[in-house]
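Just below is one structure, and these are the notes that go with it.
The values are calculated or read from the model by the stated rules, or taken from the named source; none is laboratory data. Worth saying up front: this structure is predicted, and the values here are computed from it rather than measured. Using ideal geometry, Cβ is built from the backbone for each residue, glycine included, and neighbour counts are taken over all protein chains shown.
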Amino acid sequence: MLAVPVFDMDGKQTGTIEIDPAALGIRVRPRLIKQAVVAYLDHQRQRSARTKRRSDVEGSTRKLYRQKGTGNARAGMIRTPVRRGGGRAFGKRGPRATKELPKKMRRLALAGAILAKIQSADAMVLQDVQFDAPKTKRFASMLVALGAERGCVLALHERDRNVYLSGRNVPKTEVRLVDDLNAYEVLRRNKLIFTRPAFEKVAARGASKRAGA
């Protein structure tokens, strides 16, 4: 069993919570995690680049003049890339196929990323997160108390507008629902922070998968 420290909002450790490594795929799979990260970043591309090749521009395909006897260099059609107004050589053709990863592989990569954070002591659980109103200063001071001011992902079990608004302007800080996490976001920041219900949700999800298997 792995022990994850539990803190309050003042940075004081109130205990630990255990999780079975089997709930997180037993071991970290670097190759799989890399595939998930590459696929995620590939999906973030806009893919709007497109230029006209010689088949896309207007103009006749007839040879401009006969091959010999004119004193000019040999020339083909007017659409050639070497002429003004011609198509672009090796131009971009627009959207390319994206890198797809099966759902089970994405989930296993996420589990491995979380497991890596736990093993490196970069994961923690918040006992209770309560903001009566959006307070960025209070949110930032909480991160300092937790030692997460250099960057973190805060995973919530449900939407909390006050927490989201409090943390959205803090540099290198992401506030996400635990159901929306992916391997890239988990590994991108130094620290991974769960609310207690969010962590229990991750553990229960892993346990149900093992039972189903």
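Out of the residues in the range 104-142 meeting the condition of being within 24 Å of Asn169 (Cα to Cα) and among the hydroxyl-bearing types (Ser, Thr, Tyr), tell me which one is surrounded by the most Cβ atoms within 10 Å (Cβ to Cβ). If we take residues in the range 104-142 being within 24 Å of Asn169 (Cα to Cα) and among the hydroxyl-bearing types (Ser, Thr, Tyr), then Ser141 is surrounded by the most Cβ atoms within 10 Å (Cβ to Cβ).
Of the residues in the range 47-59, at least one is touching a Lys or Arg at 6+ places or on another chain (Cβ under 8 Å), loosely packed, with under 13 Cβ neighbours inside 10 Å, charged (D, E, K, R) and not in a loop (DSSP other than H, G, I, E, B).
Taken over the range 95-145, the residue count meeting the criterion of being small (Gly, Ala, Ser) and under 23 Å from the mean Cα position of the chain (by Cα) is 9. Scanning the range 161-202 for residues that are under 20 Å from Arg138 (Cα atoms), among the hydroxyl-bearing types (Ser, Thr, Tyr) and part of a helix (DSSP H, G or I) yields Tyr164, Ser166.
Filtered by the rule that a residue be among the hydroxyl-bearing types (Ser, Thr, Tyr) and closer than 30 Å to Arg106 by Cα, the range 40-94 gives Tyr40, Ser48.
Okay, residues lined up against (1) modelled with pLDDT under 90; (2) within 30 Å of Val129 (Cβ to Cβ); (3) not hydrophobic (A, V, I, L, M, F, W, C):
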| residue | (1), (2), (3) |
| --- | --- |
| Ala23 | yes, yes, no |
| Pro30 | no, no, yes |
| Ala89 | no, no, no |
| Arg106 | no, yes, yes |
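Just to be sure, is Tyr65 at pLDDT 90 or above, more than 30 Å from Ala145 (Cβ to Cβ) and in the same structural domain as Val186 (by TED's automatic domain parsing)? No. Scanning the range 17-26 for residues that are at negative phi and either surrounded by 13 or more Cβ atoms within 10 Å (Cβ to Cβ) or hydrophobic (A, V, I, L, M, F, W, C) (or both) yields Ile17, Ile19, Asp20, Pro21, Ala22, Ala23, Leu24. In the range 1-46, what residues are part of a loop (DSSP other than H, G, I, E, B), farther than 19 Å from Pro102 by Cβ and among the small types (Gly, Ala, Ser)? Hit for the range 1-46 is Gly11, nothing else.
If you filter the range 143-152 down to residues that are in contact with a helix residue (DSSP H, G or I) (Cβ under 9 Å, 6 or more places away or on another chain) and of a type in the set (A, V, I, L, M), you find that the one that is surrounded by the most Cβ atoms within 10 Å (Cβ to Cβ) is Ala148.
Could you tell me whether Thr14 is in contact (Cβ under 8 Å) with a residue 40 or more places away in the chain and either in contact with a Phe, Trp or Tyr (Cβ under 7 Å, 6 or more places away or on another chain) or not assigned by TED's automatic domain parsing to the domain that holds Phe139 (or both)? When the stated conditions are applied, Thr14 passes them. Answer yes or no: is there a residue in the range 125-148 that is in the same structural domain as Pro171 (by TED's automatic domain parsing), touching a residue at least 60 places away in the same chain (Cβ under 8 Å), assigned to a loop (DSSP other than H, G, I, E, B) and farther than 16 Å from Arg196 by Cα. Within the range 125-148, one or more residues are in the same structural domain as Pro171 (by TED's automatic domain parsing), touching a residue at least 60 places away in the same chain (Cβ under 8 Å), assigned to a loop (DSSP other than H, G, I, E, B) and farther than 16 Å from Arg196 by Cα.
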